[in-house]
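Visitor: Questions regarding the structure given below will be posed in turn.
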Amino acid sequence: MHGRPLKLAALTAGLSLALAVPTVSASAEPAHAQPWQLVGPNSTGGHLAFTPDAPARLYVLPDSGRAVYRTDDHGDTWTTPGPLGAGGTAITADPRDGSVVYVAATDPATGTGEVLRSDDAARTFRAVATSPGLLASVVVSPSGEDVFAAGDDGVLTSTDHGRHWAKLPGAPAGVTDLALDGDHLFLATGSEIHVVDNALGHPRAPRKLSVPGTPYLSNLAAADGIVVGSGVLGSAVFSTDGGRTFRTLIGPWGADDAMAFTGLTPAGELVVQSIASPRPDGSAGARDVWVSRDRGRTWTDRPAATGAIDLYSEIGSFPDRPREQVVAAAAGIFTTRDSVTFRRIGVPDTEVNALASVGPALVAATRSGTYRSTAPFAAHLPRGYQDWGWTGQAPDTLGNSVGALATVSAKAVLRVRQGYCEVDCFTVESSGYGGTTWQQFAIVPGNSRALAVDPRDPSTVYAGSYLTPAVYTSHDGGRTLTQHALAGLDGVQSIAVDPRSRGAVWIGDVTGLYRSTDGGATARKLFDGEVAHVTVDPRDARHVVVTGAGFVKVTTDGGATFRSAAGLGTAGYSDASFTRDGTLYVSSADKYEPGAGVLLSHDGGRHFAALPTQPADRDVRTLLPSADGRWLLAGTGAGVYRLPLR
């Protein structure tokens, strides 16, 4: 899992230094001057780093590689200490000094590899070594004195706690992972494994080990003479004699099954996750988790593990809880003592596409389904507040991206979810239980991030589609949809109901703003530009705010004229929201540039100014004021934040 996200430059630059704190007194400071709080939801996995020096501490580098999260209480709460400024691919912590953290990273602008070091428990990082190409792995010795980092250009070494670095002579290029077992440093390079003997003393020249077959090896684990290497959905190789001999890893799983994960627990258990070949009907093959406590001689299956947390990516344990396994997976960090029941503990780094208030709860739409919690509206955040709605089973990570939400009533909410089809498709789904369970309706072509319900007639629902550009209309609450492929549309990103007349809707498309008076059957274009969102003032339907790529446009005459807002930069503007007193907030998120966070207007959108405090992630996709006017919620590229408004 050493990939680099496409938007890394924009996202890392958009982050700012901040800490998530348990509570905020709404009267302690003036409105807007208080810090934003990261409130969840826990729904992202990543790379793990433990340290015996702080046994309840865990550092997580999410798969996005943007920042390092830290918990000091076994995952009850997580901080967002600050940005890396580069794309992180691996992390390790000093065993003797729990405040020292190393990250293998790559500068997204230049492609230069960097070893980043923090001396303040991941609040800030600085580069202490560079490499011409991508760095994929970093490990530290038990004493903390020796540090190794490796990647495209071989291996970098430090023998003085990361202060000075040198290139390891004779090391192969293209290293995908490192594993340290005693005095032996193992290197994976695609289909090869090399070892450096006496790595913590006077390192010898790396030597190539004999590995059967031609597997692609991107991950290594080594401990107590066991060495196991595997790739992505391929085979695995295994040694029980410190790498002197390797064999193909076999077990009670099928001979043609792919290895989705192999690893070693601190207790010496060998863990394998297998995936069978697809079934004849095209559906996914069976998955299972297998555990061996006797160096691969016998195996016990744990079928509940795969059902609970989907795909494994890394395992470890808190030093003070050696019998409790910590598992990083696609949709979270989990703990378990029996590989049957799991507790989700982190991390809150998910991309949030939409927010909706449904009764006492907040519902967030993410790339791995929807999450629901009442904690974001609480005056004092309860223990574990960053974990939302864990039911004992993680959501699917394929075909489960939710693009938009629409509140129907105090208990009912709709969502559009991307389906898992041969061609692009999505479905409208309904929940009459505040977002706890969902009923699937029709599946239609396209991708969707636009959904609206007519407040006068909740059975009338509109959904917009991009890739397959269209407006869909329903008159039965979303159960059936009629497609309107309008001329000129190239990707609908927002739909808003105009309550002044039945069938009137605003359509925000990547080509401009349109207005329809017949439920989307036809539409008239009002202006050009890439529109991200359309917001109607709930107090005056003639007052409409349109946000998009480099602009915020406002009309106060129902669309007869529009004017551009003053006080804005050239960033992309993603959403707008009115509070009960008429204050207007606008969020900024951009495909290619850093977001500008959240802006405020007291004159209906004529002029804007940035708020004095900002979420740690300024890539803000969506905004939602709480119904009681106490909080402003922001859905970002890395979780949900809240700001006290009074």
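Visitor: (1) assigned to a loop (DSSP other than H, G, I, E, B); (2) touching an Asp or Glu at 6+ places or on another chain (Cβ under 8 Å): which one isn't true of D76, the others all being true?
Guide: Only one criterion in (1) assigned to a loop (DSSP other than H, G, I, E, B); (2) touching an Asp or Glu at 6+ places or on another chain (Cβ under 8 Å) is unmet by D76, namely (2).
Visitor: Look at R372 and say whether it is of a type in the set (K, R) and more than 29 Å from T92 (Cβ to Cβ).
Guide: yes
Visitor: A further question follows. Of everything in segment 18-70 that's among the hydroxyl-bearing types (S, T, Y) and not in a loop (DSSP other than H, G, I, E, B), which residue is modelled with the highest pLDDT?
Guide: Going through segment 18-70, the residues among the hydroxyl-bearing types (S, T, Y) turn out to be 23, 25, 27, 43-44, 51, 59, 64, 69.
Applying the additional criterion that residues be not in a loop (DSSP other than H, G, I, E, B) yields 23, 59, 69.
Working: T23: 36, Y59: 97, Y69: 94.
Only one residue fits best here, namely Y59.
Visitor: Using beta carbons and a limit of 9 Å, which pairs, at least six apart or on different chains, have the first residue in segment 375-395 and small (G, A, S) and the second one in a helix (DSSP H, G or I) and at pLDDT below 90?
Guide: Here the result reads G392/A308; A394/G307; A394/A308; A394/I309, each pair linking segment 375-395 to a residue that is in a helix (DSSP H, G or I) and at pLDDT below 90.
Visitor: Determine if segment 189-199 includes at least one residue that is part of a strand (DSSP E or B), under 20 Å from E114 (Cβ atoms) and either among the acidic types (D, E) or free of Cβ contacts under 8 Å to residues at least 12 places away in the same chain (or both). Outline the logic, then answer.
Guide: First, the residues of segment 189-199 that are part of a strand (DSSP E or B): 189-190, 192-196.
After this cut, where a residue has to be under 20 Å from E114 (Cβ atoms) as well, the list is none.
Within segment 189-199, none of the residues are part of a strand (DSSP E or B), under 20 Å from E114 (Cβ atoms) and either among the acidic types (D, E) or free of Cβ contacts under 8 Å to residues at least 12 places away in the same chain (or both).
Visitor: Given (1) in contact (Cβ under 8 Å) with a residue 40 or more places away in the chain; (2) out of contact with any Lys or Arg (no Cβ under 9 Å at 6 or more places or on another chain); (3) within 24 Å of T44 (Cα to Cα), where does K411 come up short, assuming only one miss?
Guide: Result: K411 fails condition (3) only.
Visitor: Of all residues being in contact (Cβ under 8 Å) with a residue 40 or more places away in the chain and acidic (D, E) in segment 160-188, which is farthest from F148 (Cα to Cα)? Just the residue, please.
Guide: The extreme case among them is D181.
Visitor: Now for a separate question. Based on this model, can you work out whether Y514 counts as out of contact with any Cys (no Cβ under 9 Å at 6 or more places or on another chain), without any contact (Cβ under 8 Å) to a residue 60 or more places away in the chain, aromatic (F, W, Y) and within 20 Å of L624 (Cβ to Cβ)?
Guide: Numbers: out of contact with any Cys (no Cβ under 9 Å at 6 or more places or on another chain): yes; without any contact (Cβ under 8 Å) to a residue 60 or more places away in the chain: yes; aromatic (F, W, Y): yes; within 20 Å of L624 (Cβ to Cβ): no.
For Y514, the condition - out of contact with any Cys (no Cβ under 9 Å at 6 or more places or on another chain), without any contact (Cβ under 8 Å) to a residue 60 or more places away in the chain, aromatic (F, W, Y) and within 20 Å of L624 (Cβ to Cβ) - is not met.
Visitor: Here are R456, R449: which of them is among the charged types (D, E, K, R), touching a strand residue (DSSP E or B) at 6+ places or on another chain (Cβ under 9 Å) and under 16 Å from S430 (Cα atoms)? Show your work before the answer.
Guide: Numbers: R456 fails: under 16 Å from S430 (Cα atoms).
Only one candidate qualifies: R449.
Visitor: So, one more: Run down G569, G548 and say which single residue is of a type outside the set (A, V, I, L, M, F, W, C) and either assigned to a strand (DSSP E or B) or within 23 Å of A406 (Cβ to Cβ) (or both). Give the derivation first.
Guide: Working: G569 fails: either assigned to a strand (DSSP E or B) or within 23 Å of A406 (Cβ to Cβ) (or both).
It is G548.
Visitor: When only residues in segment 516-535 that are buried (at least 18 other Cβ atoms within 10 Å of the Cβ) and more than 21 Å from T556 (Cβ to Cβ) count, which is nearest to the chain's Cα centre (by Cα)?
Guide: E530
Visitor: Here is a further query. Given R321, R279, which one is at pLDDT 90 or above and either under 28 Å from A179 (Cβ atoms) or outside any strand (DSSP E or B) (or both)? Write out each step before concluding.
Guide: Working: R279 fails: at pLDDT 90 or above.
The conditions single out R321.
Visitor: Please count how many residues of segment 101-115 are surrounded by fewer than 24 Cβ atoms within 10 Å (Cβ to Cβ) and either without any contact (Cβ under 8 Å) to a residue 40 or more places away in the chain or over 25 Å from T79 (Cβ atoms) (or both).
Guide: Adding up the residues that qualify gives 5.
The values are calculated or read from the model by the stated rules, or taken from the named source; none is laboratory data. All values reported here derive from a predicted model rather than from experimental measurement. Positions of Cβ are backbone-derived with ideal geometry, glycine not excepted, and every protein chain shown enters the neighbour counts.
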